[in-house]
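*Asks:* I am attaching a structure below and will ask some questions about it afterwards.
Please treat every number below as a calculation from the coordinates, not as lab data. Because the structure is predicted, anything quoted here is derived from the model rather than measured. Note that we place each Cβ from the backbone using ideal geometry, even for glycine, and neighbour counts take in every protein chain shown.
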Number of protein chains: 2
Amino acid sequence: MSQRSIKPLPLTQERFAPYGDVIETGHSEAGSMNEARFERFDDLCKLDVGDGRIAISIAQSRSPTSLPYLVDMVERHPLGSQAFVPLTQCKLIVLVAPAAESVDENALVAFETNGRQGINYHRGTWHMPLLAFETAQRYLIIDRAAGAPNCDIHRLDEPILLLS
Amino acid sequence: MSQRSIKPLPLTQERFAPYGDVIETGHSEAGSMNEARFERFDDLCKLDVGDGRIAISIAQSRSPTSLPYLVDMVERHPLGSQAFVPLTQCKLIVLVAPAAESVDENALVAFETNGRQGINYHRGTWHMPLLAFETAQRYLIIDRAAGAPNCDIHRLDEPILLLS
């Protein structure tokens with residue numbers, strides 16, 4: 001039996017639009033602040049936690065992953081969006097499928113960030129859990145504060161090999 | 001006439017408690033996530049935007065400031081908290097006074113971050129505007145989305161010289 005594999009595409013706002021937002025400064029118009037000492041890029045993603053509360057957390061990688069990597073599950077958060085912004089220069093690889101009751105495994109696609117881009121999964125987007133490719137990588141997480149169960153898991157019928 | 005001056009103290013959660021939160025991993029207990037490949041430090045600051053909406057923005061420094069620097073005004077956001085998290089390794093210096101209708105200029109104190117710490121001003125905390133000491137420093141801002149007027153300015157009766 002052959003192994004299904006996917007090679008990540010470079011992440012762009014346009015490609016990622018069905019799944020969420022790219023948090024970056026390139027695609028929005030800059031304002032200025034503090035007597036023009038800063039450029040300011042406003043309101044870069046759509047946070048959506050329903051009647052929940054937004055929390056700011058930090059994740060730090062302990063054990064790195066290397067490619068190729070076999071993905072055997074994806075998850076979704078039915079109650080809220082979830083954003084990851086790298087606090088250290090590091091690439092992020094995501095595997096996603098559109099928000100829907102069930103996962104269309106043929107619709108799974110992978111993207112690779114440029115090392116600075118953050119991402120915001122819209123509420124319900126299916127995605128593989130965060131991976132890091134080095135230790136001590138740090139990410140800011142902006143999502144719904146813990147409370148009600150907010151993670152559905154889908155085991156892939158056909159695991160996917162993520163290629164570099 | 002002598003010039004009032006302030007030398008920033010190293011920022012700690014305890015020192016900053018009257019003004020806001022320090023967004024860092026040191027002072028909270030780590031959980032784990034994604035099969036223990038990450039440590040996760042949850043819910044690191046108190047976001048408070050009242051009936052407003054939380055926005056995620058990025059500021060990038062254009063013209064750096066050097067110390068000593070003369071501060072002649074402070075501001076506050078009466079309608080919401082405001083967080084700054086460095087996306088590049090860089091120190092942040094803040095000058096703050098407690099939330100109150102008027103500024104007690106004798107209560108102004110300054111803190112310096114360790115280069116990784118983020119800060120979250122609680123709603124109404126008086127603070128000097130963000131300064132950067134190098135160009136192309138980047139900060140994630142988590143605050144109340146633009147809308148109603150949300151910035152009060154106070155000109156200092158006695159400007160303060162920030163020392164290094």
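*Asks:* Order these by the 10 Å Cβ neighbour count, fewest first: A:16, A:111.
*Replies:* Lowest to highest Cβ neighbour count: A:111, A:16.
*Asks:* Relative to the other copies, what are the label-point distances for residue A:15, with labels 7 Å from Cα along the C-beta vector, expressed in nm at one decimal and sorted shortest first?
*Replies:* Going from nearest to farthest copy, the values are 4.5 nm.
*Asks:* Roughly how crowded by other chains is peptide B:58-70, in terms of the mean Cβ count from those chains within 10 Å of each of its Cβ atoms?
*Replies:* Mean shielding count: 4.
*Asks:* Continuing with this model, one more query. For the protein assembly as shown, what does the helix formula give at 222 nm: sum of -39500 (n - 2.57) over DSSP H segments with n ≥ 4, over the residue count, nearest 500 deg cm²/dmol?
*Replies:* -500 deg cm²/dmol
*Asks:* Now for a separate question. Could you compute the net charge surrounding residue B:108? Neighbours are other residues with a C-beta less than 11 Å from the C-beta of residue B:108; K and R count +1, D and E count -1.
*Replies:* Once positives and negatives cancel, what remains is -2.
*Asks:* Neighbour counts of other C-beta atoms within 10 Å: give me A:62, B:4, B:123 arranged from fewest to most.
*Replies:* Going from sparsest to densest Cβ surroundings: B:4, A:62, B:123.
*Asks:* A follow-up question, please. If you project the alpha carbons of the range B:4-162 onto their three principal axes, what span does each projection cover, largest first, in Å?
*Replies:* For the range B:4-162, the Cα extents along the three principal axes come out at 56, 35, 31 Å.
*Asks:* Can you tell me the convex hull volume per residue for the range A:102-152, based on C-alpha atoms, in Å³ to the nearest whole number?
*Replies:* Spread over its residues, the Cα hull of the range A:102-152 gives 125 Å³ apiece.
*Asks:* Along the three principal axes, how long is the protein assembly as shown when you take its alpha carbons, biggest first, rounded to the nearest angstrom?
*Replies:* Taking max minus min along each principal axis of the Cα atoms, the protein assembly as shown gives 85, 38, 35 Å.
*Asks:* While we're here: Kindly give the distances from residue B:101 to its copy-mates, label point to label point, with each label point 7 Å from Cα along Cα→Cβ, as nm values to one decimal ordered shortest first.
*Replies:* 5.8
*Asks:* A follow-up question, please. Give me, ordered by chain and number, the residues 5 or more places off residue B:43 or on other chains with an amide H under 5 Å from its own placed amide H.
*Replies:* Hits under the 5 Å cutoff: A:56, A:57, A:58.
*Asks:* What is the average number of partner chain Cβ atoms found within 10 Å of a Cβ in A:138-145?
*Replies:* Values: counts 5, 2, 9, 7, 6, 1, 0, 3.
Partner-chain Cβ atoms within 10 Å, mean over residues of A:138-145: 4.
*Asks:* Under the rule of at least 5 residues apart or a separate chain, name every residue whose amide H is placed under 5 Å from the amide H of residue B:123.
*Replies:* B:81
*Asks:* Moving on to the next point. What does the charge add up to near residue B:82, with Lys and Arg as +1, Asp and Glu as -1, over the other residues with Cβ less than 9 Å from its Cβ?
*Replies:* Around residue B:82, the charge tally is +1.
*Asks:* Continuing with the same structure: Which of B:14, B:101, B:29 ends up with the largest GNM mean-square fluctuation for chain B, with Cα atoms connected below 10 Å?
*Replies:* Of B:14, B:101, B:29, the Gaussian network model singles out B:29 as fluctuating most.
*Asks:* So what's the projected area for the range B:69-125, the Cα convex hull averaged over all directions, in nm²? Spell out each step's value before the answer.
*Replies:* Numbers: hull surface 17.2 nm².
For the range B:69-125, averaging the hull's shadow over all directions gives 4.3 nm².
*Asks:* Shortest first and in nm to one decimal, what separations exist between residue A:46 and its copies in the other chains, measuring from label points 7 Å along the Cα-to-beta-carbon line?
*Replies:* 3.2
*Asks:* Can you put B:153, A:6 in order, fewest other beta carbons within 10 Å first?
*Replies:* Fewest-to-most Cβ neighbours within 10 Å comes out as B:153, A:6.
*Asks:* Separate question: So how far, in whole Å, is the C-alpha centre of the range B:60-130 from the one of the range A:1-60?
*Replies:* The distance from the Cα centre of the range B:60-130 to that of the range A:1-60 comes to 25 Å.
*Asks:* If you add up the charges near residue A:26, with Lys and Arg at +1 and Asp and Glu at -1, over every other residue whose beta carbon is less than 13 angstrom from its beta carbon, what do you get?
*Replies:* Cβ neighbours under 13 Å give a net charge of -3.
*Asks:* Tell me, what is the Rg over Rh of the range A:1-58, with Rh the Kirkwood radius over Cα pairs? Walk me through the intermediate numbers first.
*Replies:* Numbers: Rg = 17.2 Å, Rh = 15.1 Å.
Ratio of gyration radius to Kirkwood radius for the range A:1-58: 1.14.
*Asks:* For the range A:7-21, take each phi angle, set θ = phi - 60°, evaluate the Karplus expression 6.51 cos²θ - 1.76 cosθ + 1.60, and give the result in whole Hz per residue in order, putting x for glycine and proline.
*Replies:* Using θ = phi - 60°, the values come out as 9, x, 8, x, 6, 10, 4, 5, 4, 8, 3, x, 10, x, 10 Hz.
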